[in-house]
Amino acid sequence: MKSLKDVAVGEVCKVVKLHGEGPVKRRIMDMGITKGVEILVRKVAPLGDPMELNVRGYELSVRKSDAALIEVE
């Protein structure tokens with residue numbers, strides 16, 4: 001299983017599955033990250049947290065702990 005936190009800067013990936021439960025999963029889905037959506041990893045902060053993503057035409061920052069819950073291909 002490859003998660004979003006393992007994707008290199010500049011790569012595009014596709015969401016396969018969301019892990020996590022309850023409010024955490026709901027928050028990720030509310031940000032527009034759902035099954036089948038493509039994500040471009042734009043930047044990663046110098047200390048590795050957070051990551052800047054392009055999702056559905058807008059920019060989004062996500063913590064590494066949340067990115068670990070997003071399975072991608």
Worksheet item: Out of the residues in segment 49-73 that are of a type in the set (Asp, Glu) and touching a strand residue (DSSP E or B) at 6+ places or on another chain (Cβ under 8 Å), which is most open to solvent (accessible area, probe 1.4 Å)?
Response: 73
Item to complete: Considering only segment 22-48, state which residues are open to solvent by 100 Å² or more (accessible area, probe 1.4 Å), part of a loop (DSSP other than H, G, I, E, B) and out of contact with any Leu (no Cβ under 9 Å at 6 or more places or on another chain).
Response: 46, 47
Worksheet item: Which numbered condition trips up residue 36, out of (1) free of Cβ contacts under 8 Å to residues at least 24 places away in the same chain; (2) on the phi < 0 side of the Ramachandran plot?
Response: (2)
Response to the item:
Restricting segment 20-53 to residues that are in contact with a Lys or Arg (Cβ under 6 Å, 6 or more places away or on another chain) and closer than 14 Å to residue 65 by Cβ, the one modelled with the lowest pLDDT turns out to be 49
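The values are calculated or read from the model by the stated rules, or taken from the named source; none is laboratory data. As the structure is a computational prediction, the values presented were derived from the model and not from experiment. Positions of Cβ are backbone-derived with ideal geometry, glycine not excepted, and every protein chain shown enters the neighbour counts. Note: accessible area is taken over every heavy atom of the protein model, side chains too, but ligands, DNA and RNA are not part of it. Shrake-Rupley method; radii C 1.70, N 1.55, O 1.52, S 1.80 Å.
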